[in-house]
1. What single numbered condition from (1) over 30 Å from Asp118 (Cα atoms); (2) more than 12 Å from ligand 2 (Cβ to nearest atom); (3) out of contact with any Leu (no Cβ under 8 Å at 6 or more places or on another chain) fails to hold for Asp163?
2. Among Lys4, Lys92, Lys49, which is closer than 15 Å to Leu170 by Cα and surrounded by fewer than 24 Cβ atoms within 10 Å (Cβ to Cβ)?
3. Somewhere in the range 130-144, is a residue modelled with pLDDT of 95 or more, among the β-branched types (Val, Ile, Thr) and over 11 Å from Ile70 (Cα atoms)?
4. Just checking, does the range 249-260 include any residue being over 26 Å from Ser153 (Cα atoms) and either among the hydroxyl-bearing types (Ser, Thr, Tyr) or modelled with pLDDT of 95 or more (or both)?
5. For the range 176-185, state whether one or more residues are more than 18 Å from the chain's Cα centre (by Cα) and in a loop (DSSP other than H, G, I, E, B).
6. Could you list, ordered by first residue, the pairs with Cβ atoms under 7 Å in which the first is in the range 67-80 and over 15 Å from Leu133 (Cα atoms) and the second is charged (D, E, K, R), at least 6 apart or interchain?
7. Can we say Val368 is at negative phi and modelled with pLDDT under 95?
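The values are calculated or read from the model by the stated rules, or taken from the named source; none is laboratory data. All of these numbers come straight from a predicted model, not from anything done at the bench. With ideal geometry, Cβ positions are generated from the backbone for all residues, glycine too; neighbour counts draw on all protein chains shown.
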Amino acid sequence: MKTKVTVIDRDALRDEDLEEAARILKTGGLVAFPTETVYGLGANALDEKAAAKIYAAKGRPSDNPLIAHIASPSDLKPLVKEIPEAAGKLMKAWWPGPLTMIFPKSSLVPGGTTGGLDTVAVRMPDDEVARRLIRLAGVPVAAPSANTSGRPSPTEADHVYQDMDGRIDLILDGGPVGIGVESTIVDVTGPVPILLRPGAVTLEMLEETVGAVEVDPAVTGPVSADVKPRAPGMKYRHYAPKAKLVLVEDEEWSRAHSRDYGRRRTAVSQAVTRTITRLAMEEAKKGRRVGIICTDETVEQYPKSLWVRSLGLRSREETIAHNLFGVLREFDSLEVEVIYSESFSRDHLGQAIMNRLSKAAGYHILKV
Ligand code: AMP
Ligand code: MG
């Protein structure tokens, strides 16, 4: 299959620019498109055969359900059995935006998109290209991240091209995404909402909207083989660079600074930077290609002889989220063999960053 790439001019966006993509979706094909979180790999969510193509293109296990993307809140009703009260409040507060909710599914949604579950995940994205495309297609669009299963999610059209060239019909290039980590996922089917995956709509924001929110254990730690996680996707190794990745964390420092939200983001643990430097130099002496993931606040402290990459400003965590997957992909192309990474706060947006980094590291976290 030949994969076409169409560059979108966001400043002069016209329906004509999206018509081919919409037609492909309507007729059961695959289109990658930008959303505000990461690039999605879209297919008609109501067409099992189209959804099956997503699994094939990504090499995704078929029990890992897809998120249905809609263009307006009124598109939700036909997909679900009911809209729980908490969901109503969350929709009002956060849609369109990076929040996915899990509902009991209606019979309209085929098991082929939900991994055989009787629930369906739904999100209304904030990206104008995404929403107009979905509206033009006239169907809900199942769209997991447009990467090969297990690789870091794509935050630019070129990342999609690297993984999907020859596997899908079309890539809409709408430039780099805004947020850079996937949507927050909340299960609203029970009495208390449960956070299944942290994202840019943070736990603290959710609690402000609906009160108490539980956190699924898969958010913070590894899922053991005998447990069935609520979000089936959480059991798979994810976001992983080819190199061995080790996170270095100073827990005491993190705790001390998390009382001080806002100001703490500029503080850096010297124990972390020193440990990373020592371990990285030891590996380099053995002849390995070593990478370091750090921040603008610390980048000057590391040896220039190593591959040192800053994710952005610790004082502006949204920059860290924005650059995370791109840096992991860059290390893949540099064929780095070992990566040491600084760690981040475990609350607010830091929870989403640490969730992705910990998974990418296979939970290999060195405490100093
Ligand atoms: P991705 O599309 O790559 O961002 O992954 C979608 C995530 O949503 C995976 O972790 C899925 O397990 C999760 N998910 C999708 N549908 C459901 C559902 N019905 N119940 C629980 N988790 C879901
Ligand atoms: Mg994904």
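1. (2)
2. Lys4
3. Looking through the range 130-144, none of the residues is modelled with pLDDT of 95 or more, among the β-branched types (Val, Ile, Thr) and over 11 Å from Ile70 (Cα atoms).
4. The initial filter retains those residues of the range 249-260 that are over 26 Å from Ser153 (Cα atoms), namely 250-260.
Remaining after also requiring either among the hydroxyl-bearing types (Ser, Thr, Tyr) or modelled with pLDDT of 95 or more (or both): 254, 258.
Yes, because at least one residue in the range 249-260 is over 26 Å from Ser153 (Cα atoms) and either among the hydroxyl-bearing types (Ser, Thr, Tyr) or modelled with pLDDT of 95 or more (or both).
5. Taking every residue of the range 176-185 in turn, none turns out to be more than 18 Å from the chain's Cα centre (by Cα) and in a loop (DSSP other than H, G, I, E, B).
6. Short answer, once both residue conditions are applied: Ile67/Arg123; Leu79/Lys105; Val80/Lys105.
7. So Val368 fits the description; yes.
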